[in-house]
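So the structure is just underneath, and the comments pick up after that.
The values are calculated or read from the model by the stated rules, or taken from the named source; none is laboratory data. As the structure is a computational prediction, the values presented were derived from the model and not from experiment. Here the Cβ positions follow ideal geometry from the backbone for every residue, glycine too, while neighbour counts run over all protein chains shown.
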Amino acid sequence: MQQEKKNDRIWALLSYLSVLLFIPLLKKEKSAFTAYHVNQGLVLFVVEFCVGVVLAVVSLVLKFAAPVVYAAVSIVFIICALFFLLCHVVGIIHVFRRQEKKIPVFGEIVLYHPERAGGSQTDQDDTVL
């Protein structure tokens, strides 16, 4: 039982380490603790990726069109990067404390829920009367 808890923390920890998130995500059997942190890590990864792409495209366009605005966007990019780093650190701290607390700002979003992944037959039966 103690070994199982150690493994859960390792799987949950991987959820906050960027691309390594996909290792516990693709693992077939997860504890509720691991699944919770996989969701939090997935949300963080998706939001971080989207914000990074938008800021990269905007900064690429502004680099040639408006150098002063490009400098401002670069500062926003740095602030976002620091914020996401903080979110990763907060998530890792929650794993080490064995807590299921939400990451700042984006913690309410649910992208992954293992019980709903395959689609429940009872959910479909409830809608038909």
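Residue by residue, here is whether (1) at positive phi; (2) exposed (fewer than 12 other Cβ atoms within 10 Å of the Cβ); (3) not hydrophobic (A, V, I, L, M, F, W, C) holds:
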position: 75; (1), (2), (3): no, yes, no
position: 78; (1), (2), (3): no, yes, no
position: 81; (1), (2), (3): no, no, no
position: 87; (1), (2), (3): no, no, no
position: 91; (1), (2), (3): no, no, yes
position: 96; (1), (2), (3): no, yes, no
Residue check, residue 67 against (1) surrounded by fewer than 12 Cβ atoms within 10 Å (Cβ to Cβ); (2) touching a residue at least 40 places away in the same chain (Cβ under 8 Å), all met but one. Which one?
-> (2)
If you check 60, 17, which single one turns out to be within 18 Å of residue 93 (Cα to Cα), among the hydrophobic types (A, V, I, L, M, F, W, C) and surrounded by fewer than 17 Cβ atoms within 10 Å (Cβ to Cβ)?
-> 17
State the number of residues belonging to segment 48-74 that are over 22 Å from residue 85 (Cβ atoms) and part of a helix (DSSP H, G or I).
-> 10
Restricted to segment 33-51 and to residues being in contact (Cβ under 8 Å) with a residue 24 or more places away in the chain and surrounded by fewer than 17 Cβ atoms within 10 Å (Cβ to Cβ), the residue nearest to the chain's Cα centre (by Cα) is 46
Looking at (1) more than 15 Å from residue 17 (Cα to Cα); (2) at pLDDT 90 or above, can you tell me which one residue 70 breaks?
-> (2)
Could you tell me whether any residue of segment 99-121 is in a helix (DSSP H, G or I) and farther than 21 Å from residue 9 by Cβ?
-> yes
